[in-house]
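A short worksheet on the structure shown next.
Just so you know, all these numbers are worked out from the coordinates, no wet-lab data involved. On a predicted model such as this, the values are computed, not experimentally measured, just so you know. Please note: Cβ atoms are built from the backbone with ideal geometry, for glycine as well, and neighbour counts cover all protein chains shown.
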Amino acid sequence: MNNFCSACGSSVPADARFCPACGVGTRFSQPATATRQLFRPLYDRRIAGVCAAMSRAWGWDIGLLRVLTVICGIFLFPLTEIVYLACWIGIPEELLAPPLL
Ligand SMILES: [Zn+2]
């Protein structure tokens, strides 16, 4: 998997120490797919979209995540509910723009 130059944004081989395009730096950011931001989608949600946000950002199975959330909500009460509320407040809502998929 290639990295991306933090200076010019061009693709850089994973083992490269300098950007072949601009020659800058040894610190390359991860590909955009690995740094997708958390946001709560407007439509694919059940309560507040917290599970949907996590499954989209990190590639988790949304059904499994929801089942685990409910199970944890029962057995870890009220810890899961507090975390869920914190995520509800902390994770921004998706903007009214079409997804870039
Ligand atoms: Zn560069």
Explain nothing, just compute: Karplus ³J(HN,Hα) = 6.51 cos²θ - 1.76 cosθ + 1.60, θ = phi - 60°, for every residue of the range 50-61 in order, whole Hz, x for Gly and Pro. 5, 5, 5, 4, 5, 5, 6, 6, 10, x, 7, 6
Given contacts defined as C-alpha pairs under 8 Å and at least six residues apart, what's the relative contact order of the range 36-95, whole-number percent? 42
By the mean-Cβ-within-10 Å protection proxy, highest first, 47-56, 10-19 rank as 47-56, 10-19
The long-range amide H neighbours of Asn3, using H built 1.01 Å from N in the peptide plane and a cut-off of under 5 Å, are Val12, Ala14
Across all directions of projection, what mean area in square nanometres is found for the Cα convex hull of the range 36-95? 3.8
By how many nm would the segment from Leu95 to Ile74 grow when fully extended, if each residue of separation counts as 0.36 nm and the alpha-carbon distance is taken off? 4.4 nm
Show the residues, 5+ positions off or on another chain, whose built amide H is closer than 5 Å to the amide H of Glu93. Arg40
